[in-house]
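Working notes, structure below.
The values are calculated or read from the model by the stated rules, or taken from the named source; none is laboratory data. Note that the structure is predicted; figures quoted are calculated from it, not measured. Positions of Cβ are backbone-derived with ideal geometry, glycine not excepted, and every protein chain shown enters the neighbour counts.
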There are 2 protein chains.
Amino acid sequence: MDETKTVDPTEPNSQFRDPSRLTLCRVLIDTYHENVAYLHRDNPVYRAEGFKAMAKVSVRINGQSILATLNVVDDESIVPCTKLGLSKAAFTQLGAEEGHTVSIAQADPPASISALHRKLAGERLQFDEFRAIVRDIAEHRYSKIEMTAFLVATHRNELDREEIYYLTQSMVEAGRRLDWHEHLVVDKHCIGGIPGNRTSMLVVPIVAAHGLLCPKTSSRAITSPAGTADTMEVLARVELPNEQLADIVREHRACLAWGGTANLSPADDVLISVERPLSLDSPGQMVASILSKKAAAGSSYLVLDIPIGPTAKVRSMQEAQRLRRLFEYVADRMKMSLDVVITDGRQPIGFGIGPMLEARDVMQVLENDPRAPMDLRQKSLRLAGRMIEANPDVRGGDGFAIARDILDSGRALSKMNDIIKAQGSRDFDYNKPELGRLTFDVLAPAGGVVCGIDNFQLAHIARFAGAPMVKNAGVDLRYKLGDEVTAGEVLYRVHASYPTDLEFARQACLKSNGFTLGRREDVPLVYVEF
Amino acid sequence: MDETKTVDPTEPNSQFRDPSRLTLCRVLIDTYHENVAYLHRDNPVYRAEGFKAMAKVSVRINGQSILATLNVVDDESIVPCTKLGLSKAAFTQLGAEEGHTVSIAQADPPASISALHRKLAGERLQFDEFRAIVRDIAEHRYSKIEMTAFLVATHRNELDREEIYYLTQSMVEAGRRLDWHEHLVVDKHCIGGIPGNRTSMLVVPIVAAHGLLCPKTSSRAITSPAGTADTMEVLARVELPNEQLADIVREHRACLAWGGTANLSPADDVLISVERPLSLDSPGQMVASILSKKAAAGSSYLVLDIPIGPTAKVRSMQEAQRLRRLFEYVADRMKMSLDVVITDGRQPIGFGIGPMLEARDVMQVLENDPRAPMDLRQKSLRLAGRMIEANPDVRGGDGFAIARDILDSGRALSKMNDIIKAQGSRDFDYNKPELGRLTFDVLAPAGGVVCGIDNFQLAHIARFAGAPMVKNAGVDLRYKLGDEVTAGEVLYRVHASYPTDLEFARQACLKSNGFTLGRREDVPLVYVEF
């Protein structure tokens, strides 16, 4: 059989000539992780209506091209008839200048769509297929619809652990990979979900003071009221050029910086735009997201914190153990040493929730201040001890005491001050933090013992109050699990800097303030090592 | 245990007052089925950045509210600092006027999200849960991300047939339901995928001439090169007010109109914005989509066309039978009579692909023109015959002959002309259709027998040529399956009206022209009744 491949050779137009070009302009709309192209309805060369039903168009200039969703515009002050507008992110991604000529075409589906459809049909994918999908995602060739389809089709038990390894490794390969030229590069990570859990800012100076290399890059908060980068930013600059970061790490063995510009596992950053609104946290995707970032950042030894509790991400020991085995399998395949620590996730860690409040807690611990939250101190020492045991000269079980000595002696504080100074210190007095001046207090309606603090609801209230964008907003806890309170006492104070934020937080508290009071025997227990 | 529900009662602000309102304005951007709200970054009352990470905001005015995705704007000519802009569809949906004051808030997730998460976890849902999800979708409370998650979580075998009935019935209940005040209301539908398949425009006048009530409302093409509404629009007006439509049906027993404004199964129209870009056509969703539309339109007797063939949606008799049983089960639960007809879907029906070309084919059949495509005639008679057998006075098996008599005698043509005149006739001469003047021909590179015509690729080429938006664009076939051709003969001609469209179509043909030539014994056979 022959497939007829030719069109009439006598036709003059048989080579593709691009008859119609448009002038590029930037439209100052921030479409948040989605490329949008704006075309006026009366554009003389392209019939905007004809493109409208298409999911995507391809915008081309000199061999470069990006994909974008098309929005048809009826207002020349947004985009003139003869121009093609691009949203801010799309404009940056195309990398061209205003006034250049571009052409548009219906976008071909990304090359990996057939692999996506195989997964949607319930089939097992090969390494190459994961590579193709992840590359297309990292290069913004998937729409949100396609990314959601990929996430839902790969959640629950849809991926076996071999496939999760393929996915993780593909995510590493799709971006940059740092090489610190040392054999042992330590890092820690928490799977998240516990407000106030700022152990990194204690663990990093402790292990660096011990001499380990710990170049910590962190994310900003996405749905939580503070990330390590947001909190560190209260004390020091965190957005640093790569060269300066490398110098700091060389001199101080550590840093506490934002990892956003490093292009490490870029597919992860793209997928987040879909994962978070959907609150889809499947084990396979969590493993791939965390381990790909760490492998790309050059870490060889990772301590992983899995908190369990009634309102934590992981709610039972059985689930925690299953997750631990999956992390260990994939880490082994990636040739990364992994030490999983299962921790108490029944309530927020420390007292403050929000960047400035959490920075205060951290500095109190470093300063050995008697007001310092003991749970934050203990947890940080435990994690730091496990990291110190990565040092082959340290006996198993000795790490905790070494970490405590470093903290109690002030060497951790001194290391932290070096890091703060190197990154560029900011004006902050932990004794007099300038917290948001608009406040309200949440009171105990009756006496009793605190037997529940809902991590999710407290995070929610702190976010409504303005955290993390408003550094000095958040929640300051006065009581923790097991504490006895009398009617009318302040359970926590909410700080805000803007009246609308205060009102949003107040509304959230009225729905549920997150505290449960009861009898001493109602306090939930967790069976983790302390 | 008590949950503390109060906030400090001594605070003056403990009731929610809305301190900050914005002036509403319309932004003339067509965001295609997605509500978008535009807020200037320097808005004095809302910190746009604080909202940015949120998936959605709720826009409120006098108790009315809509959900929208927030885009942050840096250009006062798009939206001034003190205003809130809404995209065209969102503005219409809110139903307020420019200059009115609105407020915005972080949107609560739709009430049915917990049911969606149960389905994502692989659980079986109850009727009430489907009702809640479908209502939220119909009322635009789901983002595209959430709709995709619902579609992927309910595709393949994720729904049992009882759940498919729940889904279908929920879709009917979420919209309007027509009542024609007659016991027998007939309709036909095809599951789609076959270009040129315009049997409705023949079946409707035939069965109406027989006296059956057939108020046919059709969709416009979404991914195909022509829908019945697009093709009928070549001959007559199809966008008619509901009252006029009812009058026409009362007088002529039939209509051939666009069903878009009737609010029948509105969730279906919303879901399409996600289904189509993803090409996700799962049996359960197909059944729910088709039967909910038909039940809402008041049909009591449906003839359903399931074409099978190598490039049809259904590719084997086994698959067709499975689909038939599912349709029958759900139709029974809905108390609708259903007659499934499995048809030949190996190639396009008729010669023309595109609205005007298909209208020409239809009129040739009605006029008993010797040039008329026999396959379109035969298939239409077969389907019409099955519908006529809905008449209790007609013996099983006699319908075909009755339909043929109505067509051959000119009574079908006369009924069609009545319908055209009643809806408002347009100027169209089927003998001299004014097809797109820009053309190219696709030639046979060698002699042989046509043993494959790819439905999908031919539809694709016709769409690139401009169909259905450009009525006179499309593909005109000269040869069909089993025909013998010699080298250099024209297989088909492509018509366009715009140079860019012609070039796009030419590029598509160069990739693959959709024809396979070979030996007579290579022509695929299908085992369907003719």
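Tabulated values for the structure
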{"quantity": "Qualifying residue in region B:419-430 (condition: in contact with a strand residue (DSSP E or B) (Cβ under 7 Å, 6 or more places away or on another chain) and at pLDDT below 95)", "calculated": "no"}
{"quantity": "Residues of region B:289-304 classified as assigned to a loop (DSSP other than H, G, I, E, B) and buried (at least 23 other Cβ atoms within 10 Å of the Cβ), total", "calculated": "1"}
{"quantity": "From the options A:R47, A:R17, residue that is facing chain B (nearest Cβ under 8 Å), at pLDDT 60 or above and more than 39 Å from the chain's Cα centre (by Cα)", "calculated": "A:R47"}
{"quantity": "Total residues in region B:370-387, condition of a type in the set (D, E) and not in a helix (DSSP H, G or I)", "calculated": "0"}
{"quantity": "Subset of region A:489-508 [farther than 15 Å from A:G436 by Cβ and either surrounded by 21 or more Cβ atoms within 10 Å (Cβ to Cβ) or under 26 Å from the mean Cα position of the chain (by Cα) (or both)]", "calculated": "A:L491, A:A508"}
{"quantity": "One residue from B:T199, B:T228 being of a type in the set (S, T, N, Q) and in contact (Cβ under 8 Å) with a residue 40 or more places away in the chain", "calculated": "B:T199"}
{"quantity": "Answer from B:I342, B:I306, B:I272 - the residue that is closer than 16 Å to B:G227 by Cβ and of a type in the set (A, V, I, L, M)", "calculated": "B:I272"}
{"quantity": "Enumeration of residues in region A:451-486 that are touching a helix residue (DSSP H, G or I) at 6+ places or on another chain (Cβ under 7 Å) and closer than 22 Å to A:M374 by Cα", "calculated": "A:C451, A:G474, A:V475, A:D476"}
{"quantity": "Complete set of residues in region B:110-168 that are surrounded by fewer than 20 Cβ atoms within 10 Å (Cβ to Cβ), at the interface with chain A (Cβ under 9 Å from one of its Cβ atoms) and of a type in the set (G, A, S)", "calculated": "B:A121, B:G122"}
{"quantity": "The listed residue being of a type in the set (A, V, I, L, M), assigned to a helix (DSSP H, G or I) and farther than 26 Å from B:P283 by Cβ, out of B:A132, B:A90", "calculated": "B:A90"}
{"quantity": "Hits in region B:68-87 - residues which are within 12 Å of chain A (Cβ to nearest Cβ) and either in a strand (DSSP E or B) or among the β-branched types (V, I, T) (or both)", "calculated": "B:T69, B:L70, B:N71, B:V72, B:V73, B:I78, B:V79, B:G85"}
{"quantity": "Region A:444-468, residues that are surrounded by fewer than 21 Cβ atoms within 10 Å (Cβ to Cβ), at the interface with chain B (Cβ under 9 Å from one of its Cβ atoms) and hydrophobic (A, V, I, L, M, F, W, C)", "calculated": "A:A446, A:C451"}
{"quantity": "Every pair of residues 6+ apart whose Cβ atoms lie under 9 Å, when the first sits in region A:305-328 and is in a strand (DSSP E or B) while the second is crowded, with 17+ Cβ neighbours inside 10 Å and among the polar types (S, T, N, Q)", "calculated": "A:D305/A:N197; A:D305/A:T199; A:D305/A:T343; A:I306/A:T343; A:P307/A:N197; A:P307/A:T343; A:P307/A:N455; A:I308/A:T343"}
{"quantity": "Region A:351-372: number of residues that are surrounded by fewer than 24 Cβ atoms within 10 Å (Cβ to Cβ) and either under 30 Å from A:D501 (Cα atoms) or touching a strand residue (DSSP E or B) at 6+ places or on another chain (Cβ under 8 Å) (or both)", "calculated": "5"}
{"quantity": "Qualifying residue in region B:415-438 (condition: within 13 Å of chain A (Cβ to nearest Cβ), in contact with a Phe, Trp or Tyr (Cβ under 7 Å, 6 or more places away or on another chain) and either of a type in the set (A, V, I, L, M) or surrounded by fewer than 19 Cβ atoms within 10 Å (Cβ to Cβ) (or both))", "calculated": "no"}
{"quantity": "Flag if B:G345 is modelled with pLDDT of 95 or more, more than 14 Å from every other protein chain (Cβ to nearest Cβ), surrounded by 23 or more Cβ atoms within 10 Å (Cβ to Cβ) and over 26 Å from B:L240 (Cβ atoms)", "calculated": "yes"}
{"quantity": "Within region B:229-276, considering residues that are of a type in the set (G, A, S), in contact with a Gly (Cβ under 9 Å, 6 or more places away or on another chain) and part of a helix (DSSP H, G or I), the one surrounded by the most Cβ atoms within 10 Å (Cβ to Cβ)", "calculated": "B:A267"}
